[in-house]
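The values are calculated or read from the model by the stated rules, or taken from the named source; none is laboratory data. Computed from a prediction, not measured in an experiment: that's the story for all the values here. Neighbour counts run over all protein chains shown; Cβ positions are idealised from the backbone, glycine included. Note: accessible area is taken over every heavy atom of the protein model, side chains too, but ligands, DNA and RNA are not part of it. Shrake-Rupley method; radii C 1.70, N 1.55, O 1.52, S 1.80 Å.
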Amino acid sequence: FSRIGRLGDGCRVVLLLGAGESFCSGIDIMDPVFQMPPSDDVARRAISFKPKILEMQRCLTEIEKCPVPVICAMHGFCVGAGIDMS
């Protein structure tokens, strides 16, 4: 998103679509990327998740800063980061 509309690519709009039954079903908590390390210390487990959340927020911020309009064509249900995206 940081390059769209800035490189003379002729892009005038970005259209975001979902594939399947819904626009966004949220984070796949079974994805190993989102698994927190085992620990009895709940605070440390939560802190270990912070870099992942910040990376997701950075991606959403890039959509917001896109110099061309971004249109979200939602269908079905939309949860989690999909709500921020739209």
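Taking the Cα centre of segment 11-81 as origin, sum charge times position over the Cβ atoms of Lys and Arg (+1) and Asp and Glu (-1), and report the length of that vector in debye to the nearest 20.
260 debye
Would you work out the relative contact order for the chain, in percent, from Cα pairs under 8 angstrom that are 6 or more residues apart? Each step should come with its number before you reach the end.
On the way: 97 pairs, mean separation 44.9, N = 86.
Value for the chain: 52 percent.
Starting from the chain, pick out the GluC sites (Glu not before Pro) whose DSSP state is loop and whose Cβ has at most 15 other Cβ atoms within 10 Å.
GLU21
Would you please classify the overall shape of the chain from the alpha carbon gyration tensor, given that a ≥ b ≥ c denote the square roots of the eigenvalues, rounded means a/c under 1.5, and beyond that prolate means a/b larger than b/c while oblate covers the rest?
Oblate, because a/c is 1.5 or more while a/b does not exceed b/c.
Hey, can you find the accessible area per residue of the chain for me, probe 1.4 Å, expressed in square angstrom?
Accessible area per residue, the chain: 75 Å².
With runs of 4+ DSSP H residues as the only contributors, calculate the mean residue ellipticity of the chain at 222 nm using -39,500 (n - 2.57) per run, divided by the residue total and rounded to the nearest 500.
-11000 deg cm²/dmol
What residue among ALA81, MET56, PRO38 has its Cα farthest toward the positive end of the dipole of the chain, where the charges are +1 on Lys, Arg and -1 on Asp, Glu, each on the Cβ?
Ranked along the dipole, the leading option is MET56.
If the viscosity is 0.692 mPa s and the temperature 37 °C, what translational diffusion coefficient in µm²/s does Stokes-Einstein give for segment 38-86 when Rh comes from Kirkwood over Cα pairs?
Working: Rh = 13.1 Å.
Once the numbers are plugged in, D ends up at 251 µm²/s.
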